[in-house]
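The values are calculated or read from the model by the stated rules, or taken from the named source; none is laboratory data. Computed from a predicted structure; not experimentally measured. We place every Cβ from the backbone using ideal geometry, glycine too, and count neighbours over all the protein chains shown. Please note that ligands, DNA and RNA were not included when accessible areas were found on the heavy atoms of the full protein model with its side chains. Shrake-Rupley method; radii C 1.70, N 1.55, O 1.52, S 1.80 Å.
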Amino acid sequence: MKCPACFNELTKKQVGSVEVDVCQGGCGGIWFDAFELQRVDEEEERAGEHLLEIERDESVVVDPSRKRQCPRCEGVKLMRHFFSAKRRIEVDQCSNCNGYWLDAGELAAVRAERAQEQKCEDAARSTVSAETIRYLYRLQAGSRKST
């Protein structure tokens, strides 16, 4: 398969139980077939850490405005869109096979965003609800009356 960004030949790389295609020695991008991105980022798939350090050629310049061809589907262009509602990271996705192309650095950005979301969810779960506070207040007030 050819890299959709710099046309370098993609190299297969095993990440846990998933095989992804990387642009080793080119632009440093990564192709994920449908659902591979989610599987690589699952808790038990920590083997994906080495995908953050793909060897790239700094002299390769990628034009982000150019429409890219899906490396899997002949004649299909990738659609560029924001990865999440936060609108911070743009990725390329094939509307036909649902594969994702991430440019160098985008996987790290996706992981950082997910880690931040997880921290916010954990913090939200650890807060005490207003209903619990009212219950504790009534309990304390009730114990004062009985003494």
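Tabulated values for the structure
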| quantity | calculated |
| --- | --- |
| With Cα atoms, 0 to 90° folded angle of helix 106-126 axis to the chain main axis | 10 |
| Packing rank of 17-28, 95-106, 65-76, where each peptide gets the mean count of other beta carbons within 10 Å, highest leading | 17-28, 95-106, 65-76 |
| FRET efficiency, residue 88 to residue 128 (Cβ-Cβ, R0 25 Å, nearest 0.05) | 0.20 |
| Per-residue SASA entry for residue 81, accessible area with 1.4 Å probe, Å² rounded to 10 | 50 |
| Share, in percent, of DSSP beta bridges within the chain that are antiparallel, nearest 5 | 95 |
| Computed over the chain: relative contact order in percent, which uses C-alpha pairs under 8 Å that are six or more apart | 20 |
| Exposure ranking of 86, 13, 2 by accessible area [1.4 Å probe, largest first] | 2, 86, 13 |
| Over region 1-112 - Rg/Rh using Cα atoms and the Kirkwood inverse-distance radius | 0.92 |
